[in-house]
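Have a look at the structure below, then the notes.
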Amino acid sequence: MALNVSGLVAVVVFYVLTLATGIWASRKTKKEKNKKPSEVAMVGDRNMNFFIGLFTATATWVGGGYINGTAEIVYLPSRGLAWVQAPAGFALSLLVGGLFFVDPMREKNYVTMMDPIQETYGNVMASLLFIPPLIADIFWFAAILASLGATMKVILDIQGYIAIIASACTVILYTSLGGLYSVAYTDVIQLLLITASLWLCIPFAMMNSATESISYTATHNSFQAPWIGKVEMQYFGRWMDDFLYLVLGGIPWQSYFQRVFSASSPKQARLISYLSGLGCFVMAIPSVLIGAVAASTDWNQTGYGLPTPNDRGDASLILPLVLHYLCPTYISIVGLGAIAAAVMSSGDSTLLSGSSMFAHNIYRKILRKKATEKDVLWVMRASMVVFGTLAAALAFYSHSIFDLWFVSGELVYALLFPQLCCVLFVHGTNTYGSAAGFLLGFLLRLLAGEPSLKIPPVICYPGCSLVDGAYIQLFPFKMVTMLVSLLTIVSVSYLAAFGFKANLLPVEWDVCKIIKDDQVLISLRQKEKWENVQRMENCEREGEAKSNGVL
């Protein structure tokens, strides 16, 4: 296979166009002189154009992993359409976010999703809870960069590391220059390209002579199991657990709340959330069709040959393989542009979210409380370079990185979602409950094991089975871990507050200062009054003893 020169030129043109758009959009950031520069970079001017906001919110979720992963699951003989949960899961996640989380997060003009947690539970817990989403962002960027590298190797026959480095540098450059404005405006171009490119490729793939009708192979497939798929009863618990993880675990992400904070009003933020959920669902349709085409193809009639992609372990590359072997060359190049656009639309969001939380919640509020706006902005840019470089380096370990991202995403669901719910909806929770919920939730998730990382389970939930030499939890343990963490936060918070207020615990032990100054004064006075009463009773007993001649 020779280097595809025309394809390489087309990709370079796309990268230049994206970079130019990002640089142009960064000029808008500089014009906002009446705003704090750091907040302009993080949340725009809180007056983002509605349609721009809608495009960037949709593009955040419709990334390289989303369109590649959807096609892969539909194609896999052991999965099929029945296991494609992300489109409906993310759509419901954005619906739930718009219904319940937008208004309380917009009330106090927060800059990041960590602000209410830091405000309620303090700097230590904010620092701990910052770690899971940061790691997940880095791993996610690394996973989609690796996916892009593999795709370009299939279609253009260039080394994957070239695509990884070029993509990472492009994203870091325009994101650091313009912040949210650059991300939002480039997302418009990227989302339009993804939509047009994938839909353009589908007719050519479906009409290829090696492909049977997908309507027929949905139930009667000559090449493998029907692509419609099914969920066996024994796997229903796991299916439901993964689905709830997508719905609820998709909420506590800074990349989502960044769009919520940038809208001009809570009403617009809610509407953007609802419509972007619908957009995510619709954007999955091309990937579903491509996966169905792959499952309906006799690969022996193509240049790929046999064994099939599934037998060779290339299922994760099924979308670029369909573009390359079932479409004309110029069409596959257009499809490659869609994948590159999807990678950038997610990559810039992850960089911006992680660096925003670090600069605002860690650097400004903990490490250097007297930092100037210029200092915060430069720390934000520096952290983008560090996080982006780290993601690019990790991208060369694609298989393990994707597994690590999935596990770190589960930690966000199990640890961060309960904390966010408590600070927004449960009155009276405190740092003691937060710490207890964090530690217990982390311990339960660790003890449940993780087959992809070869960690055996210590806790075997009902239905735990040995499959291909690894134990698989079929029970909805992720949901249980999240609920246990939530209940622990609430119960420990109330018990600790009651213990201090009722003088069952010494006020001096309140290292987290959950008892306010006036309550401390009341408690001390009550303690002093009780000690005076005890002293008087002792004196009375001593007086009685003397009068009776005992002393």
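The values are calculated or read from the model by the stated rules, or taken from the named source; none is laboratory data. Just so it is clear, the structure is predicted and the values come from calculations on it, not from any experiment. Cβ sites come from the backbone with ideal geometry, for glycine too, and all protein chains shown count toward neighbours.
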Regarding Val111, is this residue not in a helix (DSSP H, G or I) and not assigned by TED's automatic domain parsing to the domain that holds Val492?
yes
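Looking at Leu289, Leu200, Leu248, Leu177, which is the one that is under 27 Å from Pro328 (Cα atoms) and surrounded by 18 or more Cβ atoms within 10 Å (Cβ to Cβ)?
Working: Leu200 fails: surrounded by 18 or more Cβ atoms within 10 Å (Cβ to Cβ); Leu248 fails: under 27 Å from Pro328 (Cα atoms); Leu177 fails: under 27 Å from Pro328 (Cα atoms).
None of the others qualify; the one that does is Leu289.
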Is there a residue in the range 253-276 that is over 17 Å from Val111 (Cα atoms), assigned to a helix (DSSP H, G or I), touching a residue at least 24 places away in the same chain (Cβ under 8 Å) and touching a Ser or Thr at 6+ places or on another chain (Cβ under 7 Å)?
yes
Options Ile489, Ile515: the member that is closer than 29 Å to Ile135 by Cβ, of a type in the set (Val, Ile, Thr) and out of contact with any strand residue (DSSP E or B) (no Cβ under 9 Å at 6 or more places or on another chain)
Ile489
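Per-residue answers, yes or no, for (1) free of Cβ contacts under 8 Å to residues at least 24 places away in the same chain; (2) surrounded by fewer than 18 Cβ atoms within 10 Å (Cβ to Cβ); (3) more than 24 Å from Met152 (Cβ to Cβ):
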| residue | (1), (2), (3) |
| --- | --- |
| Val5 | yes, yes, no |
| Val11 | no, no, no |
| Glu39 | no, no, yes |
| Asn47 | no, yes, yes |
| Gly64 | no, no, no |
Exclusive hit being in the same structural domain as Pro309 (by TED's automatic domain parsing) and at pLDDT 95 or above, set Leu193, Leu248
Leu248
Does the range 386-393 contain at least one residue that is modelled with pLDDT of 90 or more and among the aromatic types (Phe, Trp, Tyr)?
yes
Residue list for the range 110-145, restricted to those being under 20 Å from Met380 (Cα atoms) and aromatic (Phe, Trp, Tyr)
Tyr110, Phe130, Phe139, Trp140, Phe141
Name the single residue that is farthest from Ile285 (Cα to Cα) among those in the range 217-241 being without any contact (Cβ under 8 Å) to a residue 60 or more places away in the chain and part of a helix (DSSP H, G or I).
Met233
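For (1) touching a residue at least 12 places away in the same chain (Cβ under 8 Å); (2) farther than 30 Å from Asn68 by Cβ; (3) surrounded by fewer than 17 Cβ atoms within 10 Å (Cβ to Cβ), each residue gets a yes or a no:
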position	(1), (2), (3)
Glu373	yes, yes, yes
Leu377	yes, yes, no
Ser383	yes, no, no
Phe387	yes, no, no
Ala391	yes, no, no
Ala395	yes, no, no
Ala414	yes, no, no
Val423	yes, yes, no
Val426	yes, yes, yes
What's the total number of residues in the range 351-371 that are without any contact (Cβ under 8 Å) to a residue 24 or more places away in the chain and either among the hydroxyl-bearing types (Ser, Thr, Tyr) or closer than 25 Å to Ile164 by Cβ (or both)?
1
Across (1) of a type in the set (Ser, Thr, Tyr); (2) under 26 Å from the mean Cα position of the chain (by Cα); (3) surrounded by fewer than 20 Cβ atoms within 10 Å (Cβ to Cβ); (4) modelled with pLDDT under 95, Ser316 clears everything bar (3)
Where a residue in the range 457-479 is in the same structural domain as Phe243 (by TED's automatic domain parsing) and in contact (Cβ under 8 Å) with a residue 60 or more places away in the chain and its partner, wherever it lies, is assigned to a helix (DSSP H, G or I) and among the charged types (D, E, K, R), with Cβ under 9 Å and at least six apart
none
Among the numbered criteria (1) outside any helix (DSSP H, G or I); (2) surrounded by 12 or more Cβ atoms within 10 Å (Cβ to Cβ); (3) not hydrophobic (A, V, I, L, M, F, W, C), which one does Lys478 miss?
(1)
Working only within the range 119-165, note down all residues that are within 18 Å of Val385 (Cβ to Cβ), buried (at least 18 other Cβ atoms within 10 Å of the Cβ) and more than 19 Å from the chain's Cα centre (by Cα).
Ile164
